[in-house]
Amino acid sequence: MAGQVTPESCCPWCGQHQPHAYPKAGDYTVCIKCGRVLVFAKNLTVRKPNAEEIRRLSTSTRLRRHVERIRSALQEMRNRN
Ligand SMILES: [Zn+2]
């Protein structure tokens, strides 16, 4: 009966808590602290990408651009603070 709550998720690489908006399972993101690639699991926590997902990242220009965009947005945020 409770509404769906996005669970707290922490970077498995460095432990940094990840604030996120409306992810879908399988979406790629980047840790706000260490900048490493993360993937949203089915329960919307973040996990390290598996071998298949790492391969997809290295073969898909679209995915790489997505990750690069997040990285540069984070960089801008850091520069502003
Ligand atoms: Zn991290």
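Counted by neighbouring Cβ atoms within 10 Å, the residues Thr61, Thr29 run from fewest to most as Thr61, Thr29.
In order along the range 47-54, the phi-based Karplus estimate (6.51 cos²θ - 1.76 cosθ + 1.60, θ = phi - 60°) of 3J(HN,Hα) comes to 9, 5, x, 7, 4, 4, 5, 5 Hz; Gly and Pro are listed as x.
Near the amide H of Asp27, within less than 5 Å, lie the amide hydrogens of Phe40, all on another chain or at least 5 residues away, with H placed in the peptide plane. Summing +1 for each Lys or Arg and -1 for each Asp or Glu among the other residues whose beta-carbon sits under 11 angstrom from that of Cys11 gives +4. Scalar couplings 3J(HN,Hα) for the range 29-42, obtained by applying the Karplus form with A = 6.51, B = -1.76, C = 1.60 to θ = phi - 60°, are 9, 10, 4, 5, 9, 9, x, 8, 6, 10, 10, 6, 7, 4 Hz; x denotes Gly and Pro. Backbone N atoms of the range 24-39 closer than 19 Å to the 7 Å Cα→Cβ label point of Trp13 belong to residues 26-39. Above 17 Å lies some portion of the pair distances; for the chain, what is it as a whole percent of all C-alpha pairs? Summing the P(r) of the chain above 17 Å gives 48 percent of all pairs. If R0 is taken as 25 Å, the Cβ-Cβ distance between Tyr22 and Thr59 corresponds to a FRET efficiency of 0.40. By the rule of a second cysteine Cβ within less than 4.7 angstrom, the chain holds isolated cysteines at Cys10.
Every number here is computed from the coordinates shown, using simple stated rules; none is lab data. Since the model is a prediction, treat every value here as computed from it, not as a measurement. Please note: Cβ atoms are built from the backbone with ideal geometry, for glycine as well, and neighbour counts cover all protein chains shown.
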